[in-house]
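The structure appears right after this line, and notes come after that.
The values are calculated or read from the model by the stated rules, or taken from the named source; none is laboratory data. As the structure is a prediction and not an experimental result, all values here were calculated from the model. Please note: Cβ atoms are built from the backbone with ideal geometry, for glycine as well, and neighbour counts cover all protein chains shown. Accessible surface is based on the protein model in full, side chains and every heavy atom, while ligands, DNA and RNA are left aside. Shrake-Rupley method; radii C 1.70, N 1.55, O 1.52, S 1.80 Å.
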Amino acid sequence: MPTLVALCRALGPDLATAADLPVPDVEVSGVHVSELTDPTPYLQGRELLLTTGMGLTGHATQARAYAARLARHGVAGLGLGLGPIHDEVPATLRRACEAAGLALFVVPAPTPFLMVARTYWELLARAGNEELSAALGAHRDLVRAAAGPGPVPAVVRTLASAVEGWAAHLAPDGQVLEVWPRSSRASARQAAQEMSRLHNAGPHSSATFPIDGDDVVLQPLSSRGRLTGYVVTGCPGPMRAQDQQLVLAACSLLALQSEQSRRGTAGPRSSIACVARLVTTGYVDAARSLSADLGLGALPSAVRILAVAGLGEGQPNILQDIVEQAVPRRRSQVLCIGMSEDLWVLLRDNDVAAVLKAVRQFAGATAPGARSVVSAPTALAGVVRHTALVQQALSVLPPGALRDLTVPDHGIAGSDGNNGKDPAGLVDLGPLVDYPRADLVRAVVAYLRHRGRWEDAARDLGVHRNTLRHRIGTASLVLGADLNDPDVASRLWLALRAGGLA
């Protein structure tokens, strides 16, 4: 995220400091324009606030209250546009900002506020591209480390370098097997002592805790329901989201290495599970690289996700045998992730019918309470979004049910006496599901569930109400419908229920 220093450097004289204070090197969450004397209800914090000072009278009392209010709300800085109202910065405002510790800037005439906003968004896009490139590079480095000689030490060293901290591989009993850098062995041993907390919550639980000023993440490694060790990572907090994903990727790779050590050779299922996990977490390029390095061949361009939950302990391994036998001609390309009681499979569309038949037969005989969901076809890049939809559908599915998200649920849709006719069929959910930049499905479900109450729906989603308003507006645009229309809302709700999404 761009900082005030970076924004000032990019804009030069078009955003100059006006107060006798150094420019704070703080991240800016956005650029907001407001002429209100109290804009804080519309701010989340860390914004650069731009104003022409229309509401500022020049009185010292008002200026002090204005600056103090913005500083308390966490505004990163205040930019005063000269020209329309003020030819120069009022002395009362300068003194008030200095007293409140609020960075004050001048936007000289005729520089438009739009230039400041555009510069900010250009810096943000550039930072996002650099972050994505760095994340992909780090995942490739992990894959290469896992595929090369001495894979476990190489993965630990690569992970430590990527998170700019330290990393360790522990045995199930807490023995430190590998740590990098070597000077962090004491921290690794201290983390091993925290494993008792994991055993209280269950050996397959993760934990976070501080050690010597670092945020430490301890993740278990398991194979076929058996605990095989732990990965511990420490870095100055808070740990970034991309670093958390790197830790999970490293866990997948080390779990594969543990399986290889146990068998003395690369286990095909473990290899495929690592590739599948990378696909379902959105790292398609890393999955392709790992698939090529492991000799698994090219991944399919499009898949459907099949998730079977509630199978019972040990049953996913048996069901995976059945799934692989249902498509013997391409057995190596059935991407499966087996868990303690669940099985997730990435299938080509033309293999789905045979696999579903096999799943029904197995569940009917062995696990009648199992719940199954199969997604719509999606390109590999869309698997991470469809994974969330499948999880949501599983959460509302009754025991023993199987839901195909491409087929409307006529039992729900026909409950209004339309002789089984699907009133929700007029609403195409495809634009919502395939929208790439935000989870519109969850936003619409929350909005409709709370009957248009913005505060309740935003609280349910854990987002600001203005964010929810924007997503609902986007949903209306992509659907070409007004969600405030009761007829549209009712048909959309039935379509979401029919698709197992609500």
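Taking the Cα atoms only, what angle lies between the long axis of helix 486-498 and the longest principal axis of the chain, rounded to 10 degrees?
It works out to around 40 degrees.
So for the chain, taking the charge dipole from beta-carbon charges (+1 Lys/Arg, -1 Asp/Glu), which of Ala358, Ala191, Ala379 sits furthest toward the positive end?
Ala358
Residues with amide H under 5 Å of Thr228's amide H, sequence separation 5 or more or different chain, H placed in the peptide plane at 1.01 Å from N; which?
Placed amide hydrogens put Leu221, Ser222, Ser223 under 5 Å from Thr228.
Counting only protein heavy atoms, what percent of the accessible surface of the chain is carbon or sulfur at a 1.4 Å probe?
Numbers: 11960 of 23220 Å².
Solvent-exposed carbon and sulfur of the chain make up 51 percent of the total.
Over the stretch 96-145, average the accessible area per residue using a 1.4 Å probe and give it in Å², no decimals.
On the way: 2580 Å² over 50 residues.
About 52 Å² of surface per residue is accessible.
Could you calculate the contour length gain from Glu35 to Thr406, that is, 0.36 nm times the residue separation minus the distance between their Cα atoms, to one decimal place in nm? Kindly include the intermediate steps, with their values, before the conclusion.
Values: separation 371, 0.36 × 371 = 133.56 nm, distance 4.93 nm.
Taking 0.36 nm per residue and subtracting the Cα distance, the gain is 128.6 nm.
Considering only Ala146, Gly165, Leu102, whose Cα is most displaced toward the positive end of the charge dipole of the chain, charges sitting on Cβ of Lys, Arg (+1) and Asp, Glu (-1)?
Toward the positive end, the furthest listed residue is Ala146.
Mind giving me the nanometre distance, one decimal, between the label points for Met1 and Asn484, set 7 Å out from Cα along Cα→Cβ?
Those two pseudo-labels are separated by 3.1 nm.
Could you calculate the contour length gain from Ile318 to Phe113, that is, 0.36 nm times the residue separation minus the distance between their Cα atoms, to one decimal place in nm?
Values: separation 205, 0.36 × 205 = 73.80 nm, distance 6.29 nm.
Gain on stretching Ile318 to Phe113: 67.5 nm.
Dipole of the chain (Lys/Arg Cβ +1, Asp/Glu Cβ -1, origin at the Cα centre): which of Leu177, Val478, Leu7 lies farthest to the positive side?
Leu177
If the chain between Ser395 and Thr467 were fully stretched, how many nm would it gain, using 0.36 nm times the residue separation less the Cα-Cα distance? The partial results should precede the final answer.
On the way: separation 72, 0.36 × 72 = 25.92 nm, distance 2.49 nm.
Stretched out fully, the Ser395 to Thr467 stretch lengthens by 23.4 nm.
5 Å is the cut-off here: which amide hydrogens, built 1.01 Å from N in the peptide plane, fall below it relative to Ala19, excluding neighbours closer than 5 in sequence?
Sorted by chain and number, the residues that satisfy this are Leu104.
Give me the 1.4 Å probe accessible area per residue for the stretch 267-411, excluding ligands and nucleic acids, in Å².
On the way: 5780 Å² over 145 residues.
The answer is 40 Å² per residue.
Taking a 1.4 Å probe, which of Arg459, Arg72 shows the most accessible area, and what order do the others take after it?
Highest to lowest solvent-accessible surface, that is Arg72, Arg459.
At 7 Å along Cα-to-Cβ for each site, give me the label-to-label distance between Ser133 and His450 in nm.
It is 4.0 nm.
Using +1 on the beta carbon of Lys and Arg, -1 on that of Asp and Glu, and nothing else charged, what's the dipole of the chain about the Cα centre, debye to 20? Please list the in-between numbers first.
Working: 46 positive and 45 negative charges, 226 e Å.
So the dipole magnitude of the chain works out to roughly 1080 debye.
Enumerate the amide H contacts of Thr3 below 5 Å, restricted to partners 5 or more residues apart or on another chain; note that Pro and chain-start residues carry no placed amide H.
Long-range HN contacts for Thr3: Val28.
Convert each backbone phi in the stretch 110-126 into a coupling constant with the Karplus relation 6.51 cos²θ - 1.76 cosθ + 1.60 (shift: θ = phi - 60°), then list the ³J(HN,Hα) values in order as whole Hz, x for Gly and Pro.
Karplus values, whole Hz, x for Gly and Pro: x, 5, x, 4, 4, 5, 5, 5, 5, 4, 4, 5, 5, 5, 5, 5, 5.
Across the stretch 389-405, in residue order, what do the Karplus-derived ³J(HN,Hα) couplings come to in whole Hz, using 6.51 cos²θ - 1.76 cosθ + 1.60 with θ = phi - 60° and x for Gly and Pro?
3J(HN,Hα) across the stretch 389-405, in whole Hz: 5, 5, 4, 5, 5, 4, 5, 10, 8, x, x, x, 9, 10, 10, 9, 5.
222 nm [θ] for the chain, helices only, -39500 (n - 2.57) per DSSP H run of 4+, per residue, to 500? Could the numbers behind the result be given before it?
Values: 19 runs with 237 residues, N = 502.
Mean residue ellipticity, 222 nm, calculated: -15000 deg cm²/dmol.
Rounded if a/c is under 1.5, else prolate if a/b beats b/c, else oblate: with a ≥ b ≥ c from the C-alpha gyration tensor eigenvalues square-rooted, which is the stretch 1-154? Could the numbers behind the result be given before it?
Values: a/c = 3.22, a/b = 2.54, b/c = 1.27.
Judged from the Cα gyration tensor, the stretch 1-154 comes out prolate (a/c at least 1.5, a/b above b/c).
Among DSSP beta bridges whose residues both lie in the chain, state the antiparallel percentage, nearest 5. It would help to have the intermediate numbers written out before the result.
On the way: 42 of 58 bridges.
That works out to approximately 70 percent antiparallel.
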